[in-house]
Structures are given as C-alpha cells and as structure tokens.
C-alpha cells in the first residue's frame, strides 16, 4: 500500500522549531535555516508520478529512506532506514523493479539481497554518501597490507557499517568480518572481539568507515577507553600510526564520518538546553562522542522515531539527525516541541539529489520499457558482501 498522496507544489509551513529562526541575523549571522526545500519544478509532476506508478502496478516497489524529501516519500511503498529497506525489497520477489529513493550504497545492498530477476533503480546516480566515499576499496586494501606489515592483521576482525560500498562489504566478508547497523553495532563488535579472544583480550577490530559510531560503541557500550581507539588515516603512511600504536590498539577506527551528524557539537546541546528549559536531547550514534555524552538519549533513526512516538504530550525535544526526518517528526507530533539540534546545518545534500523530477523520470522510463540507472553489483563482490551480510543476520537479536 502506498502512503497517502499529497501535492507538495506549494511550500508547507513546518511546525519545526529552529534555533535562530526569526532572530536578528545582523547579530547572529548564519543561524537561520527555514527548513524549506525548493518546490518541484513542474506542478504536474505529482500527477505524473501517480499515473506512472499506477500504470506499473505491482511490477514496481518504491523504497523511501527516512531522510528523503516529503515530495518523494509520498510515493514510497515502505519508509525506513537503509537495511530495513533492503530487506523489504528482498521480501518482495514478485516486484520486477525496485526503485530505491536513497543513496548509492543502499541501492547496492538491495541489489545484493534481491533475486537475479529483480532490477534495482537509483533515480539519480549522483546520490552518493560522503561517509561511504571516505573508504575506497583500494585504500582499505592498502590499509590491510599495512596491518600485515605491522604484524597485527592476524588478530584483526573487520566490521563495516551498513553505510559503505558493496566493495567494502565484500572486503569484510573475505576477511571473516561482518556488517553492522547503528542498531546492532554493539552486538556486531562483541561478536568480532569474540573471534579474537573477547572484549578484554588483545585482539582488535578494524571499524569502517564511520569513526564516531565505532568509537561510541566501543567506549559507551563495550566499556573500552578512548585511548583503546586509534584513527587510521588512509592519506598517511600506515595510517599515521606506529607499529606500537597498532599493537596496543583495540579498535582501529577508519578516518570517516557523516557530513550531517559529524557537524553537531556539545555547544549545540548546551545552547538548546539554555534556550529551552527541560528539553530532552536525542542524538544519532554517528554524532561525535562529546554529543553522545551530553545527550539524554542515543539511538538509530528507528529508535529516534519510536522515542518521539512514545513521548509525553507537551514534552520538548532536540533531535540530532538529518533535517528531513526532524521536520517529519515535528509535523507528526504537533503536541510536542520539536527542535533541530543544530542551528545551521540543514539537509543531507547527497540524499536530496533524489527529487521528484528524477523519480518521475525513472518511473516513466519503466512505463516506456526502459530501465534507467540500474544498479548492478559485481558478481564476486556481491557474493562476499552477502557473506558479510549473512553473518550480520546470524547475530543474536537480528
């Protein structure tokens, strides 16, 4: 069942409360963020998308990530985070076409998990992920050689975040590792450490590509110290680390981050607490450790949604995640105060490349018998990435 269709040609008034909005910009430059995106370029696009989707019927299944624009989300058959959506696609074997309204690594995961008879389409091939792009396969292979040269590779298990390319997931599968999501990172890291003597042993985890999720999980969930974590910088020889630093480390963090979540700061938390007495701060675990420690709640996208759904009427919340989702939560909870944690950062620029014109083009092309922007993962990479994903699916609680 598709979500309810609305015409988003006219900008919608958002109930979202933003730090700095309607303030004196002469004294607070750069703090205003209205939370508005440009309207679709053609007022007929909504009707064209509706008509094309109806013409395709059950042959097409549209997936929408939580960070997508409302104008795109309205046509999604399922809304969710990246892994949930990939699994939903795999659970619809009768859908000939899967249109993934997300970013490139998500469409790759859908291609890996769906059958050979299904075709995955990404409406705009430029919709990448800055975090995933921070770990290129040649860099990671070079890094592994550095670990071998340092004599520690035999005691290292790689764990890659779902927000990584198929090639990186395949690398992880080839080296006996697993994939994780922001929801099960703790379980995945505990499993990885168990392969090399346990959390309190001497073995190590190479965590790709988000240093913040890796650090937050290791320190806040597993009880390791900040000094147990080192950052491997692929732009420096041996990651900028000595043999001794690699030997002593328990978690080797790739130098990567989310361009949205990495911008939140402890100052943002202090500012919102000063501006809104009694506010509860909830942050995504891709945020910096200083933000995680200052927040009241920490959790994945789905956890943030569930927390707001269960919150008391009249409660005040500041949310540290992508703005499209925060706007949607504000609209869904008019009985609560919903603030965006940062005062300057707005939308994920790569996620928002999937807009209504691109979606309409993809749908109408399928109606005309043309498959555009198909995502196909190399057969060998798909095999080993599936090995790593299957290992994640075998973890407790998945």
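Taking the Cβ-Cβ separation of residue 395 and residue 155 as r and a Förster radius of 22 Å, what is the calculated FRET efficiency to the nearest 0.05? Working from the Cβ atoms, E equals 0.60.
Tell me the relative contact order for segment 261-340 as a rounded percent, counting alpha carbon contacts under 8 Å between residues six or more apart.
Numbers: 120 pairs, mean separation 23.4, N = 80.
Reported as a whole number, the value is 29 percent.
Which of rounded, prolate or oblate describes segment 129-237 when judged by the alpha-carbon gyration tensor and an a/c cut-off of 1.5? Cα axes put segment 129-237 in the rounded bin. A Förster distance of 22 Å, applied to the separation of the beta-carbon atoms of residue 142 and residue 244, puts the FRET efficiency at 0.60. Which percentage, to the nearest 5, of the DSSP beta bridges contained in the chain is antiparallel? Restricted to the chain, the bridges split so that about 5 percent are antiparallel. Our note on the geometry: Cα centres of segment 339-383 and segment 130-183, 25 Å apart.
Stretching the chain fully between residue 133 and residue 309 yields a gain of 60.0 nm (0.36 nm per residue, less the alpha carbon separation).
Tell me what the chain gives for mean residue ellipticity at 222 nm when only DSSP H runs of n ≥ 4 count, each as -39,500 (n - 2.57), the sum divided by the residue total, rounded to 500 deg cm²/dmol.
Values: 16 runs with 146 residues, N = 398.
Here the helix-only value at 222 nm equals -10500 deg cm²/dmol.
Among (1) 0.96; (2) 0.98; (3) 1.00, only one was calculated for this model; which label is it, if the read-out is Rg/Rh (Cα atoms, Kirkwood Rh)? Comparing each candidate, only (2) matches the computed number.
Residues 162, 131 in ascending order of nearby Cβ atoms (within 10 Å, fewest first): 162, 131. Label-to-label distance, residue 371 versus residue 51, with points set 7 angstrom from Cα along the beta-carbon direction: 2.6 nm.
Look at where the Cα atoms of segment 299-315 and of segment 234-258 average out, and the two centres are 36 Å apart.
How high is the relative contact order of segment 237-297? Use alpha-carbon pairs under 8 Å, at least six apart in sequence, and give a whole percent.
On the way: 41 pairs, mean separation 19.0, N = 61.
Here the relative contact order equals 31 percent.
Oblate is the label for segment 261-340, because the ratio a/c of its alpha-carbon gyration tensor axes (a ≥ b ≥ c) is 1.5 or higher and a/b is not greater than b/c. Look at 191, 317, 361 and count the other Cβ atoms within 10 Å of each Cβ; fewest to most, that gives 361, 191, 317. Using a simple spin-label model with pseudo-atoms 7 Å out from Cα toward Cβ, residue 116 and residue 87 lie 2.6 nm apart.
Across segment 197-264, Cα pairs under 8 Å and at least six residues apart give a relative contact order of 44 percent.
Each of 53, 204 was scored by other Cβ atoms within 10 Å of its Cβ. Arranged with the fewest first, they read 53, 204.
Bear in mind that the values in this text are calculations on the coordinates, not laboratory data. All of these numbers come straight from a predicted model, not from anything done at the bench. Cβ coordinates were reconstructed from backbone atoms using ideal geometry, including for glycine residues, and neighbour counts include every protein chain displayed.
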